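Asker: Before we start, here is the structure in question, set down as structure tokens.
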Amino acid sequence: MQRHITPSGNTLVTVIPGDGIGPEVVRSAQRIVEAAGAKVEWEEREAGAEVFRKGLPSGVPEETIESIRKTRVVLKGPLETPVGYGEKSANVTLRKLFETYANVRPARELPGVRTPYSGRGIDLVIVRENVEDLYAGIEHMQTPGVAQTLKLISRKGCEKIVRFAFELARAEGRRSVTCATKANIMKLSEGMLKRTFEEIAPEYPDIESWHLIVDNTAHQLVKRPEQFDVIVTTNMNGDILSDESSALVGGLGFAPSANIGNDVAIFEAVHGSAPKYAGKDVINPTALILTAVMMLRYLGEFEPAAAIEHAVLVTLEQGILTGDVVGYDKGVSTTAYTEAIIGNLGKRSERWQVREYKPIRLPEFDPRPDYVHPASRRVVGIDLFVESDLPAEELGRSMEELVKDTAFTLKMISCRGTQVYPPTGAITDIVDASYCRLMLKEPAEDVPDEAVAQLLARVSSRHRWTHIEKLHEFDGEPGYTKSQGEN
Ligand code: NAP
């Protein structure tokens, strides 16, 4: 991990105060970090609402990107995407620009924060893949009435997040890693995380590991959350599970997070800019304070990190609580809460423990794009997606005629993932987007372009095709799934 060390020997951190309540929570965390004697210095930069309003569509100015390139560590407040300015979130831009592939969201029971789970000792961390999956944002209208989002999961992305989760478990002295996927339905994409997890887990014999279907994980999190330690999961699943787990321990005011990559790490609370509380000195800064604690541990500043965590625990134990916990008529101000924590630096809670942390060993990977090299590969056919308002039987008969004397045979037609031709007896709603599974009469290492061109010319004479997927086999394994009802 590269860092920028200042002449006084401190680590330089880019700090982005952000929008709404951002400047208040960030200032609170900065004051506490400074009071704890951590060896950091700040370089303040802007991003978010004001930048959008100045007309920069990304919401992240070049000076901010420059600063992050130099410091490689960011402590940031929440950023708003004001309605009507820009279409991309400045948060997502920052996470993606610097390949922060691991989103780490701990959820721990805290003293004084009463929840239905109080006393059960919840102390878990969700490790969410942060770059791929449905969040790649690759969407197309296949037809006027059918939208599609690509869920992209790479073997490299899976290895990175799985190894990261096991390394995090080791660094935090945790006993188990659970992999949560929807591999029972999405056998190739979600299945890739499951398979990768099962391959890598034996390299960490000191850590217990098991796979759980994600819907059951959500159910188990509500039923028996104390069974979990580290949960590793894909981006969308992680988004949902991590909000669920933060609700178990008191909600957004207490939910810290880190976005970690091999080059850059961005530390931010889970919550947003909560504009209705902005400038009122009433909101709960704990999430950002605990986020700063995560940052200090990442920087190897273990002592000030532990001192701050102890001081937060002692403050909460003393019943010093903000309005989100006890009501805004009774809660202390953000400033008073911050000062109480500063006053408690050096004290330790008798009842509430702080974990022993070791530096995390970030996994390293081959940077080449062709990450997986199969020993053999061939193309056995294509799926040709067509827009058609014909009944399935009619479309099927038409396609049979069109593919006659080409390199392909029609195996079946599927609409919304269910075989509709040849008919299976299923009662299925038909829409105007279908795919025709066309098998090559002679499978080869690749499908000849001329064969595809001939086929498209034939099909276009009667139907509108929208796109093509090749049906690959890698190492003899089909690289495509069957439609419901397909044999
Ligand atoms: P939000 O800002 O997180 O606020 C939702 C509610 O959560 C607040 O109204 C408040 O609840 C509670 N809350 C959040 N943070 C709190 C804190 N520190 N202390 C006490 N209570 C807190 O979510 P939002 O209203 O959906 O989003 C507002 C803006 O933030 C949007 O522009 C959104 O895009 C942005 N956002 C940014 C990030 C980020 O930068 N990472 C993340 C999420 C959202 P009560 O109303 O019940 O008191």
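Asker: How much net charge surrounds Gly77 when only the other residues with a Cβ under 13 Å from the Cβ of Gly77 are counted, with Lys and Arg +1 and Asp and Glu -1?
Answerer: -4
Asker: In addition: In the neighborhood of Pro225, defined by Cβ-to-Cβ distances under 10 Å, what is the net charge if each Lys or Arg adds +1 and each Asp or Glu adds -1?
Answerer: Its environment carries a net charge of -1.
Asker: Past the 22 Å Cα-Cα mark, which pairs from Lys404/Lys441; Lys182/Lys358; Lys88/Lys156; Lys156/Lys194?
Answerer: Exceeds cut-off: Lys182/Lys358; Lys88/Lys156.
Asker: For a protection proxy built on the mean count of beta-carbon atoms within 10 angstrom, sort 247-258, 2-13 highest first, please.
Answerer: 247-258, 2-13
Asker: Also, I was wondering about something else. Between Thr466 and residues 5 or more places away or on another chain, which pairs have amide H atoms under 5 Å apart, with H built 1.01 Å from N, and which residues are they?
Answerer: When sequence neighbours closer than 5 places are left aside, the close amide H contacts are Phe385, Val386, Glu387.
Asker: If packing is taken as the average number of other Cβ atoms within 10 Å across a peptide's residues, how do 117-123, 183-189 rank, most packed first?
Answerer: Per-residue mean Cβ counts within 10 Å order the peptides as 183-189, 117-123.
Asker: Roughly how tilted is helix 334-344, in degrees to the nearest 10 and between 0 and 90, from the longest Cα axis of the chain?
Answerer: Approximately 70 degrees, to the nearest ten.
Asker: Quick one: which residues, 5 or more positions from Trp42 or on another chain, have an amide H under 5 Å from its amide H? H modelled 1.01 Å from N in the peptide plane, none for Pro or chain starts.
Answerer: Val13
Asker: Further question on the same structure: Give me a comma-separated list of calculated 3J(HN,Hα) values for segment 417-425, in order, Karplus coefficients 6.51, -1.76, 1.60 applied at θ = phi - 60°, integers in Hz, x for any Gly or Pro.
Answerer: x, 10, 5, 10, 8, x, x, 10, x
Asker: Separate question: Ranking Glu203, Glu99 by Cβ neighbours within 10 Å, fewest first, what do you get? Before the final figure, lay out each step's value.
Answerer: Details: Glu203 10, Glu99 14.
Final ranking by Cβ density, sparse to dense: Glu203, Glu99.
Asker: Can you give the calculated 222 nm mean residue ellipticity of the chain, where each DSSP H run of n ≥ 4 adds -39,500 (n - 2.57) and the sum is split over every residue, rounded to the nearest 500 deg cm²/dmol?
Answerer: -10000 deg cm²/dmol
Asker: Which angle from 0 to 90°, rounded to the nearest 10, does the C-alpha axis of helix 449-460 make with the longest principal axis of the chain?
Answerer: Relative to the chain, helix 449-460 is tipped by roughly 80 degrees.
Asker: Let me ask something else about it. What net charge is computed for the residues neighbouring Thr115, neighbours being all others with C-beta under 14 Å from the C-beta of Thr115, Lys and Arg scored +1, Asp and Glu -1?
Answerer: That works out to -2.
Asker: Now for a different question. Per-residue counts of other Cβ atoms within 10 Å, averaged by peptide: what ranking do you get for 152-163, 319-330, 362-373, 50-61, highest first?
Answerer: 152-163, 50-61, 319-330, 362-373
Asker: On average, how much area does the Cα convex hull of segment 276-427 cover when viewed from any direction, in nm²?
Answerer: 20.7
Asker: Can you grab the distance from the C-alpha centre of segment 323-343 to the C-alpha centre of segment 401-416, Å, no decimals?
Answerer: The distance from the Cα centre of segment 323-343 to that of segment 401-416 comes to 68 Å.
Asker: So how tilted is helix 155-171 from the main axis of the chain? Cα-based, degrees 0 to 90, rounded to 10.
Answerer: So the inclination is approximately 30 degrees.
Asker: Each residue of segment 475-487 in turn: what ³J(HN,Hα) in whole Hz from Karplus with 6.51, -1.76, 1.60 and θ = phi - 60°, glycine and Pro shown as x?
Answerer: Ordered by residue, 3J(HN,Hα) equals 6, x, 9, x, x, 7, 9, 7, 6, 4, x, 7, 9 Hz.
FYI, it's all coordinate maths here, none of it is from the lab. Since this is a predicted model, take the numbers as computed values, not measurements. Methodologically, a virtual Cβ is constructed for each residue, glycine included, from the backbone with ideal geometry; neighbour enumeration extends over all protein chains shown.
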